Amino acid sequence: MTEKAKVVLTDYVWDSLDVENKILGDLAEVVPLQVTDPEAFFPQAEDCDAMLNTYGGPITADVMGKMPKCKIIARYGIGVDTIDLDAATEAGIIVTNNPSYCVEEVAEHTVAMLMTMGRKIAFYDRLVRDGRWEVPPGKPMFRIAGSTCGLVGFGNIARRVAKAAAGLDMRVLYSDPFVEPGQFDAPGEKVELDQLFAESDFICIHAPLLPATRGMIGADQLAQMKDTAVIVNCSRGPIIDTDALVAALDSNQIAGCALDTTDPEPLPEVHALRDRDNVIINPHAAWYSETAMAALQAGAPGEVLRVLQGEWPVNVVNKAVKDNNRAGI
C-alpha cells in the first residue's frame, strides 16, 4: 500500500474540512493546524509534501527551508503577499492562488461602498439611530451619474466595477502599467495616476499588494484629490499609507473613505480611522458569499491534488519554478 502524502493546512475560516478530505483523501492526509504564526507550523510541517494556506504567514525563505519535502504552497485566496515568491522559486516550491473565486463579490462590494459613500447612506443610518430625522447634516451631496470613477489597477475585479460604473452613467478612468488601451472589452480611458487622482470623484483601489505598490497612495497622491472625492479600498490595506490618509481626513483634504481592508488589519480598538462620520470600515468581508466560499475552499486543494498526481497546476504564481521544481513536473 502506497503511503499517503502529508498536506498541512495552516489555517481556515470554514466549519469543516469535508471538501479538503473529499478532494485529497485518496492521496493525502490533511493535517489542520489552525495557526497563523509560522513558528507554530512546526514540527508538523517539517515533513509535509504540500501546504494549504489562508492567512498564516509570512512564509519566508527560512520557513521554506524547514520544509525540505514541500512541493507546493497553495493559497486559498487571491493575494500572495504573505509568501516570498522568489524564495519559493529558488527552493523549487510551486506557489498557487485562487484568482477568480470572488471577482463578482469584491466588485459588488466596491460598487456598494461607492454608492454608500456617494449617497451618505451609512451616515444617515447612524443619524436616525441617534434619534435624528434630518437631511441637512449630510450636505453637500452630489449626483453619482455624471461623476468620475477612477480605478487603480484594471484587472478582473476592476473591469467588472468599470462596467457597473458605466451602467450608472459614470465616466470611467483607469491606471494600470500592465494594461494597454483597448486591451479588454470594458469601459474606461487609460490615464496616468496623477490625472486619475486629480479628476476622479470616486477612487477605487484594485492593485495587488507588491513591493512596488506598498504605500503607493500617500500624501502626494491624496493631495491631488478633489476635496469632495472619496477613496474606496477593497484590495489590500498597505497600498494606502494610513498615516497620510488620516492626515488627509483631518485636514478635510478629501471627503472620506470606505475601507474593506486596512493597515494594520484588524484595526486596533483605538485608532484614528475609527468613529468618523465620513469613514466606512468593513472587516475584510468583500470576498464573502456562500457561492464564493464554496469556490474558495475547493480551489487550493484542487491544485495540491494536481501536483500530487504529477500534473501542472492551473494557477501558478511563480511561473519560473517550472524549470526546476521539487515535484519534477
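Since every read-out is calculated from the coordinates, none of them should be taken as a lab result. Please read these numbers as outputs of a predicted model, since none were measured by experiment. Positions of Cβ are generated from backbone atoms using ideal geometry, with glycine treated the same way; all protein chains shown enter the neighbour counts.
Test of understanding: in a Gaussian network model of the chain with alpha carbons linked when under 10 Å, which of 40, 229, 164 would top the mean-square fluctuation ranking? Looking only at 40, 229, 164, the biggest GNM fluctuation is shown by 40.
Using +1 on the beta carbon of Lys and Arg, -1 on that of Asp and Glu, and nothing else charged, what's the dipole of the chain about the Cα centre, debye to 20? Could the numbers behind the result be given before it?
Details: 28 positive and 47 negative charges, 140 e Å.
Using Cβ point charges on Lys, Arg, Asp and Glu, the chain gives about 680 debye.
The HN-Hα couplings worked out from phi for the stretch 153-170 by the Karplus form 6.51 cos²θ - 1.76 cosθ + 1.60 (θ = phi - 60°) are x, 9, x, 4, 5, 4, 5, 5, 4, 4, 5, 5, 5, 4, x, 8, 6, 8 Hz, whole numbers, x standing for Gly and Pro.
Taking every C-alpha pair closer than 8 Å and separated by at least 6 residues, the mean separation divided by the residue count of the chain gives a relative contact order of 19 percent. About the centre of its Cα atoms, the stretch 1-123 shows a dipole size close to 320 debye [charges on the beta carbon of Lys, Arg (+1) and Asp, Glu (-1) only; nearest 20 debye].
Using a Gaussian network model of the chain in which every pair of alpha carbons under 10 angstrom is joined by a spring, one finds that among 117, 141, 225 the greatest mean-square fluctuation is at 141.
Positive end of the dipole of the chain (Cβ unit charges, origin at the Cα centre): among 31, 316, 224, the Cα lying farthest that way belongs to 224. Candidate values (1) 26, 26, 18; (2) 50, 20, 18; (3) 40, 21, 18 were compared with semi-axes √(5λ) of the Cα gyration tensor in Å computed on the shown model; the agreeing label is (3). Evaluating 6.51 cos²θ - 1.76 cosθ + 1.60 at θ = phi - 60° for every residue in the stretch 305-321, the Karplus couplings come out as 4, 4, 5, 5, 8, x, 9, 6, x, 7, 10, 7, 8, 9, 4, 5, 5 Hz, glycine and proline recorded as x.
The stretch 47-117 and the stretch 134-213 have their alpha-carbon centroids 26 Å apart.
Centroid-to-centroid, using Cα positions, the stretch 309-329 and the stretch 253-279 are 40 Å apart. Entry note, the chain: the mean residue ellipticity at 222 nm calculated from DSSP H runs of n ≥ 4, each adding -39500 (n - 2.57), is -8500 deg cm²/dmol after division by the residues and rounding to the nearest 500. Evaluating 6.51 cos²θ - 1.76 cosθ + 1.60 at θ = phi - 60° for every residue in the stretch 280-293, the Karplus couplings come out as 10, 10, 10, x, 6, 10, 4, 6, 7, 7, 5, 5, 5, 4 Hz, glycine and proline recorded as x.
Neighbour counts of C-beta atoms inside 10 Å place 109, 284 in the sequence 284, 109, starting with the fewest. Sequence gap at least 6, Cα distance under 8 Å: using those rules, report the relative contact order of the stretch 103-281 to the nearest whole percent. Answer for the stretch 103-281 is 19 percent. Taking the Cα centre of the stretch 103-281 as reference, the dipole from Cβ charges on Lys and Arg (+1) and Asp and Glu (-1) amounts to some 480 debye.
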